[in-house]
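Student: Take a look at this one; I'll ask things after.
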Amino acid sequence: MALTVQIQTLLYHFFGGIVFAFFFSFLSLLLIRMSIWMRILVLNVFCISYTLFFFYGLYQINNGITHIYALLFLFLGISLFYQLIYLHLLPIFLFLLKIMSPFVRKGRVAKKKIYGIIKNGKGNKGSRKKERIRWKIIKKARNAQ
């Protein structure tokens, strides 16, 4: 492998680690109020998709060849992000989450209403019938008094 290709590969791994840590930390903060299983699922899908895109870019540079020292540069980029950059970006992340929170609340309300429609939908005709019979009995009792 030529020296220029090796340098490009190392820089690609280094900046790929920084980009991965950036999106992973933002996504982790975004999913903090979700259930643990949902977080695990979303973060695993993110890691798999990022790895696919990462190796596609690596394939364009050097036919997808990676070495242990290149992986060390990837981990160096991740650790550099968390040591130096993350503390400066955390207030920006929290500000973005604060801006997005009204939209998240509206989505939760919509989800609850949809679940309510599904729950009281066509599948529960028997419970509606029981409810009508109950109200008829209450009306008869009121009229009898």
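Student: Report, to the nearest 10°, how far helix 125-144 tilts away from the longest principal axis of the Cα atoms in the chain, using its own Cα long axis and a range of 0 to 90°.
Tutor: In the chain, helix 125-144 runs at an angle near 30 degrees to the longest axis.
Student: Grab the beta carbon distance between L30 and F55, set R0 = 30 Å, and tell me the FRET efficiency rounded to 0.05.
Tutor: 0.75
Student: Mind sorting out which of (1) -0.85; (2) -0.48; (3) -0.58 is the real log10 I(q)/I(0) by the Debye sum over Cα atoms at q = 0.10 Å⁻¹ computed from the coordinates?
Tutor: Recomputing log10 I(q)/I(0) by the Debye sum over Cα atoms at q = 0.10 Å⁻¹ here gives the entry labelled (3).
Student: Run the quick spin-label model on Q6 and R132: label points 7 Å from Cα toward the beta carbon, then report their separation in nm to one decimal.
Tutor: 8.2
Student: Need the C-alpha centroid separation for the stretch 76-113 versus the stretch 34-65, integer Å.
Tutor: Rounded to whole Å, the Cα centres lie 20 Å apart.
Student: Just to confirm the number: angle between the C-alpha axis of helix 68-80 and the first principal axis of the chain, 0 to 90 degrees, nearest 10?
Tutor: Its long axis makes an angle of about 60 degrees.
Student: Helix 36-62 sits at what angle to the longest principal axis of the chain, using alpha carbons and giving 0 to 90 degrees rounded to 10?
Tutor: Compared with the principal axis, the helix lies near 30 degrees.
Student: Once the dipole of the chain is set up with Lys and Arg at +1 and Asp and Glu at -1 on Cβ about the Cα centre, which of T66, M1, L94 lies farthest towards its positive end?
Tutor: L94
Coordinate-derived values only; no laboratory data. All of these numbers come straight from a predicted model, not from anything done at the bench. Glycine gets a Cβ as well: all are built from the backbone with ideal geometry, and neighbour counts include every protein chain shown.
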